[in-house]
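The values are calculated or read from the model by the stated rules, or taken from the named source; none is laboratory data. These numbers come from a predicted model, not from an experiment. Note that each Cβ is placed from the backbone with ideal geometry, even for glycine, and that neighbours are counted across all protein chains shown. Remember, those area values only see protein heavy atoms, side chains included, never the ligands or the DNA or RNA. Shrake-Rupley method; radii C 1.70, N 1.55, O 1.52, S 1.80 Å.
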Amino acid sequence: MQFPLPPPVFTGTPESILQESQHLIDQARSVQDSIATTITPDTAAFANTLLPIAHEQNERLYGRHMLEFYQNVSTDDKVREASRKAEKQFSELETELGMREDVSRLVKAVYDRNEDLDEECRRLLERQMLEYKRNGLHLGEEDRKRLQQISKELGDVKAQFEKNLSEEKGSVDFTKEELDGLPDDVFAGLESDGEGQYHLSFRPAHTSAVLGHVKIAGTRRKVYIGNVTKCNENVPLLEKAFILRDEAARLLGYSNHAEYRLEDKMEKSPQKINDFLEDVRLKLVPKGRVAIERLKQLKTEGLTARGEGNDGKFYLWDQSYYSRILVQRDYAVDHEKLAEYFPLDWVIERMLEIFAELMGMAFHQIPTGRGSENEELVWHGDVRMFAVYDDFEEGEVHKDFLGYLYMDVHPRAGKRPGLCDLSIHPGYINPSTSTRTHHPSTCLITNFPKSPTSKPTLLTHSDLWQLFHELGHGIHDLVSKTRFACFHGPETAQDFCEAPSQMLEKFCWTREVLQVLGRYWGSLSDEHRQAWQGEHPGEDIPSETIPADLIEGLLQSQTANRALFWLQSLHIAIFDMTIHQPKSHEQARNINTTKLWNALKSAILGIDAPEGDEGGHGQAIFGHLFSGYDAGFYSCLSSQVYACDMFASKFSADPLKREEGMRWRREVLEKGGSRDEMEGMRVFLGREVGSEAFGAWLGV
Ligand SMILES: [Zn+2]
């Protein structure tokens, strides 16, 4: 087999991973030592100071991503452990480098020299300067010591918070009758004590299935309350964290943690974000109230029909259940039926075709199955591997190699749960010669169960748009061309990086794309047809493509529950900004997060909550507050402004138009974080970004 470039091999052992990380760490130190001893503030220039640092960082990031990748996919727990250890060492190294006074003096001298630099180099220099400032290099000895102490304490608090969440083992038992309505496949997976009691965990797969499907309100209530009270020990940890963050921000000279966090975002003013959230709140809350009235009516009708009592309330554990029924009743969309048109492998192939067509790319699958000559090129027999090429440039056909794409589709023990896309290697162009020497490799991770029979794994429509979203991050990785790996692909400002993927989600709400993606599973092949007939003896097989009325119902239903969905995000965003903007440190010490979380939730959602302690501590199970989204959760809403505008103005009329797809690729994706993100969108749109499309999309 001919490869465009030698592909990565996944043969890391615990020893080799730690050796390699140590080698990269030593190299980083020695490059900085050498700069510190050979350059003086008088001789410091971009070429002899920043460039060697950037070369070293490129190599380090290229190696580091791969070493850290193992913890997500390796089948060997010792390898995963070594990978996590390497990650910790790399992040400690970053803190160490960010505190080097000797090198920072030289970087400052380069900055003061004010050389004529292009945008990417200037951004690199500014970023480096900002890092020193944010590490407190301008502070006195005492303050710096305290900062280091805070940083260590925060690391410990984060580790404990995440451990409590991931090791939480709570469950609640129900009889089969109490679980009436639970989808068969979920019920079949429940453990039973053999005496009629079934154990239900608080994992998202279980809680969302119960809240969305179980008919008995008492069961939904128990699961809801159990879930929001499952990790109460995290409340003091969260409160400790934001008090520490507040102290650190004030030491560094910021008014609060939000101001500190927004400094490296596109929008740097917390007040502007507060205003944005308040504006959304004012417009969306009335919409939410109307939606609740509609759901409440549905609930009343249901209870009356079953002859059950009604206290006239609409509770938090009623929302998912009646939202699903509403879509089924008013729009005739049965999501389980719709899923029969989305067999996993078919969808993946069509999805790649859509991206290929839209952005001028070609995906060539490399056979890596058991026994094939390429078996060692993947970390597990289920993994699919593609060589990705550029096949379009200015109307001519080019076959330039872009990088490798992997898909690790099915769940297995020790694998990272959920859906995401992870970088294996960032790419970069040699900063000195401008040739692309290192190509990216990226991996789409999903956990769709493998079908044990000839009936394929079926995806829901929500799986579908999430797949588009995550593969969107992967495409961003593959098409990006930057000189510095720290700007590669989705390594943009945090309040921008979701926008491209959020835009691609919207493709799954168009007739054109749904028609391409949908194929009834029973009509995929003769074998599938037989399997279908076996399940449905004597029946006629449904049409091969999605019936037009089902697509229309789906499209109309998309706004049905949108207000309530986004009010939930708005609640978290406002909570996050509130706890990270106390007026004084004293105030930070006195915030009762449970009270604040629950009060904001009632005010924003307007849904009845349980009284007192049963209201629970929803903030204690919300991991984003520790995974880098502190004073940043709002970005899931603010980046929708960009996503909506780009989609509405360039793709909604013709989602598969290559001309726009190519321009989007060149102007928005390719430059990663190497140029001002707003500028990229401005060039793509031919005007400033506006918020009208966002308003229309929210229905306000
Ligand atoms: Zn994302």
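Here the 3J(HN,Hα) profile of the stretch 219-235, calculated from phi with Karplus coefficients 6.51, -1.76 and 1.60 at θ = phi - 60°, is 5, 4, 4, 4, 5, 4, 5, x, 5, 7, 10, 7, 9, 4, 5, 7, 4 Hz, Gly and Pro shown as x.
Just order 422-428, 434-440 by mean Cβ neighbour count inside 10 Å, highest at the front, would you?
Numbers: 422-428: 24.9, 434-440: 16.6.
Ranked from most to least packed, the peptides come out as 422-428, 434-440.
Among the listed pairs Lys145/Lys583; Lys85/Lys145; Lys158/Lys240; Lys481/Lys650, which are separated by more than 18 Å between their Cα atoms? In this structure, Lys145/Lys583; Lys85/Lys145; Lys481/Lys650 lie more than 18 Å apart at Cα.
Ranking Lys85, Lys230, Lys169 by solvent-accessible area of protein heavy atoms (1.4 Å probe, all protein chains present), from largest to smallest, gives Lys169, Lys85, Lys230.
Extents of the stretch 1-106, largest first, come to 52, 34, 17 Å (Cα atoms, principal axes, whole angstrom).
Quick one: which residues, 5 or more positions from His617 or on another chain, have an amide H under 5 Å from its amide H? H modelled 1.01 Å from N in the peptide plane, none for Pro or chain starts. Residues meeting the amide H criterion: Thr229.
Our coupling estimate for the stretch 340-355, obtained by passing each phi through the Karplus curve with A = 6.51, B = -1.76, C = 1.60 and θ = phi - 60°, is 5, 8, 10, x, 3, 5, 4, 4, 4, 4, 5, 4, 5, 4, 5, 5 Hz, Gly and Pro reported as x. Once backbone amide H atoms are built at 1.01 Å from N, Gly672 has Lys481, Gly489 as its partners under 5 Å, excluding neighbours fewer than 5 places away on the same chain. Over all pairs of different C-alpha atoms in the chain, the reciprocal of the mean inverse distance, the Kirkwood hydrodynamic radius, equals 27.6 Å. When a 1.4 Å probe is rolled over the protein heavy atoms, the share of accessible surface on the chain that falls to carbon and sulfur comes to 50 percent. Below 22 Å, Cα to Cα, which lysines can Lys296 reach? Residues fewer than 8 away in the same chain don't count. List returned: Lys215, Lys222, Lys283, Lys287, Lys313, Lys601.
Sort the following peptides by mean Cβ neighbour count (other Cβ atoms within 10 Å, averaged over residues), highest first: 341-354, 676-689, 461-474.
Numbers: 341-354: 19.7, 676-689: 15.9, 461-474: 21.5.
Top of the packing list down: 461-474, 341-354, 676-689.
Taking the centroid of alpha carbons for each part, the stretch 396-473 and the stretch 279-312 are 40 Å apart. Per Stokes-Einstein, at 20 °C and 1.002 mPa s, what whole-number D in µm² s⁻¹ belongs to the stretch 198-317, with the Kirkwood radius over Cα pairs as the hydrodynamic radius? Here the translational diffusion coefficient equals 115 µm²/s.
May I ask for the equivalent-ellipsoid semi-axes of the stretch 411-532, computed as the square root of five times each C-alpha gyration tensor eigenvalue and listed largest first in whole Å?
Values: eigenvalues 234, 58, 39 Å².
Equivalent-ellipsoid dimensions as semi-axes: 34, 17, 14 Å.
Relative to the longest principal axis of the Cα atoms of the chain, helix 593-605 runs at roughly 60 degrees. If I fit a long axis through the Cα atoms of helix 51-73 and take the longest principal axis of the Cα atoms of the chain, what angle between them do I get, 0 to 90°, rounded to 10? It works out to around 30 degrees. When the alpha carbon coordinates of the stretch 71-121 are projected onto the principal axes, the ranges are 51, 25, 8 Å, largest first. For the pair Leu419 and Gln533 in one chain, pulling the backbone fully straight at 0.36 nm per residue adds 37.8 nm over the alpha carbon distance. Annotation: Asp334 carries an accessible surface of approximately 40 Å², with a 1.4 Å probe and no ligand, DNA or RNA atoms counted.
Note that the stretch 664-680 has calculated 3J(HN,Hα) couplings of 5, 4, 5, 8, 9, 8, 4, 7, x, x, 7, 9, 4, 4, 5, 5, x Hz, one per residue in order, obtained from phi through the Karplus relation 6.51 cos²θ - 1.76 cosθ + 1.60 (θ = phi - 60°); glycine and proline are x.
Ordered by packing density, taken as the mean number of other Cβ atoms within 10 Å over each peptide's residues, highest first, how do 10-16, 304-310 rank?
Values: 10-16: 15.0, 304-310: 8.4.
Packing order, densest peptide first, comes out as 10-16, 304-310.
In this structure, the amide hydrogen of Gly403, modeled 1.01 Å from its nitrogen in the peptide plane, lies closer than 5 angstrom to those of Val388, counting only residues at least 5 positions away or on a different chain.
Pairwise alpha-carbon distances in the stretch 170-228 exceed 17 Å for 24% of all pairs. Placing R0 at 51 angstrom, the Cβ-Cβ distance between Lys313 and Arg250 gives a FRET efficiency of 0.70 after rounding to 0.05. Remark: the stretch 621-695 projects, on average over all directions, an area of 6.4 nm² (convex hull of Cα atoms).
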